[in-house]
Amino acid sequence: MITFVLELPKLAPEKQIQLEDVLLKIPRVDAFAQDDGDFSITAENTNIVLRDLVAAIYGWASDHPGMALQMKVVCPKGEMVLGKHSPNDVIHFLSTC
C-alpha cells in the first residue's frame, strides 16, 4: 500500500465532491478530503490500481481547464505536478512512494 497527498487549489464544494466520488469508485483505493481541501489517498501499489487511479485523476482534471497544472502528488519521496508529466511518469513516481 502507498499513501500520498493530492494537493489541489481551493475547490468549490461541488468540484470537491465530484473528485471524491471519482476517487472512491476505484477499487482498492481509499481517499478522503482533508480540512485544507487536499486529498489523502491510500492505494494498493500495483500497476493496475495506480493506472486506474492516475487515469481517474487526469480524467477529472481534463474537465477543469488548467487544473492539472495546479495539482501535485506529494509523498515522502517528493512531489510532482501532474500537468508537467505524463500519466506514465506519475504512475512510476507513485510506485516508488
**Complete:** Residues of region 3-26 being in contact (Cβ under 8 Å) with a residue 24 or more places away in the chain and more than 12 Å from the chain's Cα centre (by Cα), in sequence order, are Pro9, Lys10, Leu11, Lys15, Gln18, Lys25
**Fill in**
When (1) assigned to a strand (DSSP E or B); (2) over 20 Å from Thr96 (Cβ atoms); (3) of a type in the set (Val, Ile, Thr) are applied to Ile17, the one that fails is (1)
**Request:** Give just the number: which of (1) more than 19 Å from Ile26 (Cβ to Cβ); (2) surrounded by fewer than 15 Cβ atoms within 10 Å (Cβ to Cβ) does Ser95 not satisfy?
**Result:** (1)
**Number of the exception - Asp89 against (1) assigned to a loop (DSSP other than H, G, I, E, B); (2) exposed (fewer than 14 other Cβ atoms within 10 Å of the Cβ)** = (1)
**Item:** Residues of region 67-86 classified as open to solvent by 50 Å² or more (accessible area, probe 1.4 Å) and outside any loop (DSSP other than H, G, I, E, B), total
**Value:** 5
**Prompt:** Does Ile26 qualify as being in a helix (DSSP H, G or I) and either open to solvent by less than 80 Å² (accessible area, probe 1.4 Å) or modelled with pLDDT of 95 or more (or both)?
**Reply:** no
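Can you give me the number of residues within region 31-41 that are surrounded by 13 or more Cβ atoms within 10 Å (Cβ to Cβ) and more than 10 Å from the chain's Cα centre (by Cα)?
Summing the residues that are surrounded by 13 or more Cβ atoms within 10 Å (Cβ to Cβ) and more than 10 Å from the chain's Cα centre (by Cα) in region 31-41 gives 2.
The values are calculated or read from the model by the stated rules, or taken from the named source; none is laboratory data. Everything numeric here is computed off the predicted structure, so don't read it as measured data. Neighbour counts run over all protein chains shown; Cβ positions are idealised from the backbone, glycine included. Just the protein is used for accessible areas: all its heavy atoms, side chains included, with ligands, DNA and RNA removed. Shrake-Rupley method; radii C 1.70, N 1.55, O 1.52, S 1.80 Å.
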